[in-house]
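K.L.:
Below is a structure I'd like to ask you about.
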Amino acid sequence: MRKYTHYSLLAHNTFGIEAYCDSFYEFETIAELQQVLRELDADSQLLILGGGSNMLFAGDFHGTVLHSAIKGCEATVQGDDVFLRCGSGETWDDVVALCVSEGWHGAENLSLIPGTVGASAVQNIGAYGVEVKDIIYKVEAVDVRTGECHSFSVSDCQYGYRKSRFKTEWQGRYVITYVTYRLSRCYTPNLTYGNIQKELSMRGISEPTSQQLRDVIIDIRNAKLPDVKVEGNAGSFFMNPVVSKEKYLSLLATWPDMPHYTVDDSHEKIPAGWLIEKCGWKGRTLGRAGVHSKQALVLVNRGGATGQDVLTLCESICCDVKRIFDVEIRPEVIFVGRSEK
């Protein structure tokens with residue numbers, strides 16, 4: 001176990017924002033985590049931090065950060081099912097790469113999403129028609145108040161679009177230690193979302209292997225998302241808004257080229273990136289933060305940006321989308337250290 005005081009979180013957030021926490025604990029086992037929890041004051045403010053790939057530090061965090069370094073992946077095969085139990089500190093894309101190499105299917109479309117295993121279960125990460133809830137079997141966690149270990153099913157977690165109980169009513173209550181994914185040795189590729197089919201056709205591939213599908217998705221993501229080492233970012237900054245069918249039809253009358261995805265008989269999902277681009281923000285800069293030139297859904301650190309710079313940009317974009325489309329877009333990214341106005 002490692003403990004630091006007045007610790008810089010610059011290396012622990014992909015936005016590349018300088019911020020400090022009062023204390024930082026990194027634990028490698030459940031026993032170490034339980035020891036940390038026993039040592040903390042009952043009124044300690046806690047932040048559970050993975051790779052920081054979905055977080056914006058709008059200021060310093062005046063509390064204790066808990067960071068999982070629990071590693072390891074253990075597979076159990078039952079017929080065509082593979083149950084893969086992974087430590088919460090494992091890098092998510094390393095797990096996807098392992099699954100593809102071993103012929104364990106279901107995670108291919110989630111390739112190259114940044115972050116850790118623990119964060120995958122908190123955020124319900126998703127891409128190209130797949131959400132991680134589709135393959136999660138069980139989530140193990142420790143209650144920060146009691147130090148007791150708990151195990152949760154997918155239904156317990158109440159997963160929705162980019163959310164779970166770990167982000168809402170359970171936020172700060174549990175520290176995830178392990179996630180078990182249910183994969184399959186039978187391969188049925190999901191090629192229906194985005195431009196996967198187009199990219200495969202350009203490569204002359206009609207029936208892709210899981211490795212070919214992973215390679216295509218990695219190339220698509222790399223082509224439209226900036227390298228965090230060059231321009232700090234948190235990937236998709238905003239969630240795609242879901243509107244009523246009536247609202248969608250009203251907008252369509254004015255914007256006939258508006259893309260959409262049907263949620264159910266009463267709701268449609270509109271790409272937030274399209275809304276932002278139509279508002280003229282794609283490629284623009286405000287202060288030291290900006291909107292990526294290839295994907296308007298991504299906000300970037302142009303160099304030396306503060307969390308407040310990014311927050312100001314976010315608020316300006318939200319205001320314009322509301323003014324022009326009368327649609328509210330909400331950040332997918334979690335704000336930490338934000339001062340209340």
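The values are calculated or read from the model by the stated rules, or taken from the named source; none is laboratory data. This is a predicted model, so every value here is computed, not measured. As a convention, Cβ positions derive from the backbone with ideal geometry for all residues, glycine included, and neighbour counts pool all protein chains shown. Just the protein is used for accessible areas: all its heavy atoms, side chains included, with ligands, DNA and RNA removed. Shrake-Rupley method; radii C 1.70, N 1.55, O 1.52, S 1.80 Å.
K.L.:
So, for the chain, what is the accessible surface per residue at a probe of 1.4 Å, expressed in square angstrom?
P.N.:
46 Å²
K.L.:
Taking a ≥ b ≥ c as the square roots of the eigenvalues of the Cα gyration tensor of the range 141-276, is the shape rounded (a/c under 1.5), prolate (a/b larger than b/c) or oblate?
P.N.:
oblate
K.L.:
Once the piece of chain linking A223 and Q158 is laid out straight, how much longer is it, given 0.36 nm per residue of separation minus the C-alpha distance between them?
P.N.:
Stretched out fully, the A223 to Q158 stretch lengthens by 20.1 nm.
K.L.:
Under a no-solvent Debye model with one identical scatterer per Cα of the range 17-93, what's log10 I(q)/I(0) at q = 0.12, 0.23, 0.24 Å⁻¹?
P.N.:
For the range 17-93, the Cα-only Debye profile gives -0.45, -1.10, -1.15.
K.L.:
For a quick check of your reading of the filter: which trypsin sites (Lys or Arg not before Pro) in the range 210-244 sit in a DSSP loop and have no more than 11 other Cβ atoms within 10 Å?
P.N.:
Counting only loop positions with at most 11 other Cβ atoms within 10 Å, the trypsin sites (Lys or Arg not before Pro) in the range 210-244 are K229.
K.L.:
I would also like to ask the following. Tell me the chymotrypsin sites (Phe, Trp or Tyr not before Pro) within the range 114-172 that lie in a loop according to DSSP and have at most 14 other beta-carbon atoms within 10 Å.
P.N.:
Sparse-neighbourhood loop chymotrypsin sites (Phe, Trp or Tyr not before Pro): Y161.
K.L.:
What length, rounded to one decimal in nm, is gained on full extension from K3 through to D81, with 0.36 nm per residue of separation minus their alpha-carbon distance?
P.N.:
Full-extension gain reported as 24.1 nm.
K.L.:
At what distance in angstrom do the alpha carbon centres of the range 290-311 and the range 207-244 lie from each other?
P.N.:
16 Å
K.L.:
With +1 on each Lys and Arg Cβ and -1 on each Asp and Glu Cβ, and nothing else charged, work out how big the dipole of the chain is about its Cα centre, in Debye to the nearest 20.
P.N.:
It works out to roughly 740 debye.
K.L.:
Once you list every other residue whose beta carbon is under 11 Å from the beta carbon of R162, what net charge do they have if Lys and Arg are +1 and Asp and Glu are -1?
P.N.:
My count for the surroundings of R162 gives +2.
K.L.:
Here's a follow-up. Only loop residues by DSSP count here, and only those with at most 16 other Cβ atoms within 10 Å; note down the GluC sites (Glu not before Pro) in the range 7-92 that meet that.
P.N.:
E18, E28
K.L.:
Gain in length, S44 to E18, computed as 0.36 nm per residue apart minus the alpha-carbon separation, to one decimal in nm?
P.N.:
That works out to 7.1 nm of additional length.
K.L.:
How high is the relative contact order of the chain, in percent, with contacts defined as C-alpha pairs under 8 Å that are six or more residues apart?
P.N.:
17 percent
K.L.:
Rounded to the nearest 500, what is the 222 nm mean residue ellipticity of the chain from helices alone, with -39500 (n - 2.57) per DSSP H run of 4+ residues and division by all residues?
P.N.:
For the chain, the value works out to -7500 deg cm²/dmol.
K.L.:
Something else: Heavy atoms only, probe 1.4 Å: what % of the accessible area of the range 1-159 goes to carbon and sulfur, would you let me know?
P.N.:
Summing carbon and sulfur atoms, their accessible area is 46 percent of the total for the range 1-159.
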